[in-house]
Amino acid sequence: MSHFFPMKRSDRGYLISILIFAFVAFLPWSHRIRFSGMALFGWLMAALMVFSPAIALFQFLLSRNRKTK
Amino acid sequence: MTIEHILVLTYLVGCIGIGILASRKVLVSREEYWVAGRRIGTFVNAMAIMAALASGGSIIGVMGLAYGRGIPYTLALFAGAVVGFPLASILIAKPLRNFGKFTITDFLADRYPHPIVRYAVPSIIVVSFTVYIVAQMKAAGITANALLGIPYNQAVTLATVVFIVYVSIGGMVAITWTDVVQGVLMLLVVLGTAVALMFQFGTPTTLIGEAARRAPEIGQVVHMPLASYLGSFVIWAAAISVIPHIVMRVFTAKDARGARLSLNVAMIIYSIMILGAVLVIVPYGKTAFPDLTDADQIFLRVIQREFPPLIRGLAVAAVLAAVMSTTDALLLACSSAISHDLLGHVIEKKFSPKTGSRITVGMTWVIGLVAMILAYSPPKLITEFYSAAIGLLSAALFVPTIAGIWWKKANLSGGIASLVIGAGVYLAVQFTPGTPPLSAILFALPASAVAMAIFGAIGRPNAPEMVEKMAHLHSS
C-alpha cells in the first residue's frame, strides 16, 4: 500500500517536467550563452514564466472538459 | 492641486468608500469577515490573487531588482513565484478548500494538534509579514514622494491610514473588491507603459540589446553566487503554497475547482505583467538612466520622463494600488494570525461576536502602525528584503503542509520537527556572515524534509481517523 495519497498522472507529469526544466535551466551551460544581450538562463526563466502557467491552465481545462463529458 | 493629486485622492477616497460599504455586511460574522462568506467567483478571485501577490515589490521592486542585480536574477525570483502557482494549484488548492476553515494555521494545528504548532505558526507569520508590509510601505512612500512631491514619511502615513481603515472595517469583502480595481489599474499602467515604450523604441530584444551595450551586466549571470539565483527561485516556488494571504483566497473560493482555476488564471496575468516590466521597462530605463543610486526609483524615472501628468497620476495610483492590494491582504492575514489563530479561543469564549470583531479591528491598527513606524527607516532593494522574510515562512511551513496533505505517515512528531528545524536552520544560515543572499532556503527545506522523514518514521503513527480525514479532503 502506498504511503502517499494518489495524485493524477497528468499533475505528476507536469510537476516532474517543471522540475526537470528548472534543473536544466539552472546548470552553468545556460549562463555563458548570450542572446540579444542577455544570458540564455534569463530567456529560459522567461519561457518558464510563459509556458508553466499556460500548460497548467490547458491541462486543468482539458481534465474538466473530460469530466463534464 | 494638480491632476495627479486629484486622481490619487479620488482613488484613496474610493478605497475607503468600498471599506464602509463592505463593513455593513462583514462585521456580523467571522465567516464573512475572514473569507467573504466563501462565495467569491473564479475570475474575481483570480484578479484578487494576482493583485495580492503583485505588490509594490512587483511594480517598484521588480524593476529595481532587475536594474540593480540584472534581469536573469530577477526572472529567476519571479519565475519561482509563477511556478509556485501551479504547485499550489496541484498540491493544496483542492484539499485546503475542502478543509473549509479560515487560515493555514487552522489546517496545521488540526493536522498536528499541539500548542507548539498553534503558537509557532502565527508567530512566524506575524514576523515575516510585518517585514513584508514595511517593504510595501517604502514603495508607497518613494512613489508619492517622487511623483507627487509629498515628503516620504507623510506619504507612508497617509497610505497606511487609508488601507488600515478599509481593511479593518471591510474585511475580506472590501479587500476583494478593492483588489479587483487595483489589479486592473496596475495591469493597465504596467502593460500600457511597456506597450508605449515598445511602439517608440522597439521590441524587448532590441531594448535589452541596447541596454546591454551600455551596461553589459544587466543581462549577465554574474552579480550573485549561483546559490542566490537558485534560492530566490525556490523561496517563491515554495511560498505560494503556504503564504497566508494567498491561502486565504483559496478559502474564499466557491468550491475546490474554482480555487484551482483562480490560481491558474492569476498566474498567467501575473506573468504577463512581470515580463512586460522586466523585459521592456527596465532595459529602457537602464539605457536612459544608467547611474541611479536608488535602483527602486527606475520605474518612477521612466514615467516622469516619458509620460504626461495624467499618466503620472495613474501611475501613482497604480503603485499605491499594488502596495495596498498586497498590504491589505497581508494585514488581514497578520491580524487573523493574532486574533483568530493565537487568541481566537479566548475571544470566542469571553466576548460576543461583535466585541470579537472590534478586537480584530484593533489588532489590524496595531500591526499597521508598527509596520508604519518601521517603514520610516526603509530598507534597500525591497524585493530582496521581503523575499528573505518570505523565505522563513517557506522554510517553516512548506514541508509540514505538503507532507500533511499528501503523506499518510506525516505525524505529530514529524510535523513539529519539520516546522522547528526548518525555521531554525533558515534563521541560523541566514544570519551566518558571508551567506549568499536568499540562499538559506537551500539548507532549510532539505533539513525540514529530513526531519519530517526521520521523526515521521520513529514517532507515534497517526490515528486511523486522521488518515481517513485527509483522504476525505482529496476525494470530496
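Each row is one residue, and each column tells you yes or no for (1) closer than 21 Å to B:Gly183 by Cβ; (2) at pLDDT 55 or above; (3) in contact with a His (Cβ under 7 Å, 6 or more places away or on another chain); (4) not aliphatic (A, V, I, L, M).
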site	(1), (2), (3), (4)
B:Ser29	no, yes, no, yes
B:Glu32	no, yes, no, yes
B:Arg39	yes, yes, no, yes
B:Ala51	yes, yes, no, no
B:Ala54	yes, yes, no, no
B:Gly57	yes, yes, no, yes
B:Val62	yes, yes, no, no
**Q.** Matching residues, the range B:84-127, being hydrophobic (A, V, I, L, M, F, W, C) and over 28 Å from B:Ala371 (Cβ atoms)
**A.** B:Leu87, B:Ile90, B:Leu91, B:Ala93, B:Phe99
(Q) If the requirement is being modelled with pLDDT under 90 and in contact with a Gly (Cβ under 6 Å, 6 or more places away or on another chain), which of these qualifies: A:Ser36, A:Ser30, A:Ser10? (A) A:Ser36
Q) Mind checking whether some residue in the range B:354-377 is surrounded by fewer than 18 Cβ atoms within 10 Å (Cβ to Cβ), part of a helix (DSSP H, G or I) and among the hydroxyl-bearing types (Ser, Thr, Tyr)? A) yes
Q: Among the residues of the range B:88-121, write down those that are among the charged types (D, E, K, R), modelled with pLDDT of 80 or more and not in a helix (DSSP H, G or I).
A: none
Q.
For the condition within 14 Å of chain A (Cβ to nearest Cβ) and among the hydroxyl-bearing types (Ser, Thr, Tyr), what is the one hit in B:Tyr132, B:Tyr119, B:Tyr73, B:Tyr112?
A. B:Tyr73
Q.
Tally up the residues in the range A:36-62 that are under 16 Å from A:Ser10 (Cβ atoms), at the interface with chain B (Cβ under 7 Å from one of its Cβ atoms) and either in contact (Cβ under 8 Å) with a residue 24 or more places away in the chain or under 9 Å from the mean Cα position of the chain (by Cα) (or both), please.
A. 3
Q) With respect to the numbered conditions (1) at pLDDT below 75; (2) buried (at least 23 other Cβ atoms within 10 Å of the Cβ), which one is the sole condition not fulfilled by B:Arg24? A) (2)
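The values are calculated or read from the model by the stated rules, or taken from the named source; none is laboratory data. Computed from a predicted model, the values in this text were never measured in an experiment. Counting neighbours? That spans all protein chains shown, and the Cβs are built from the backbone with ideal geometry, glycine included.
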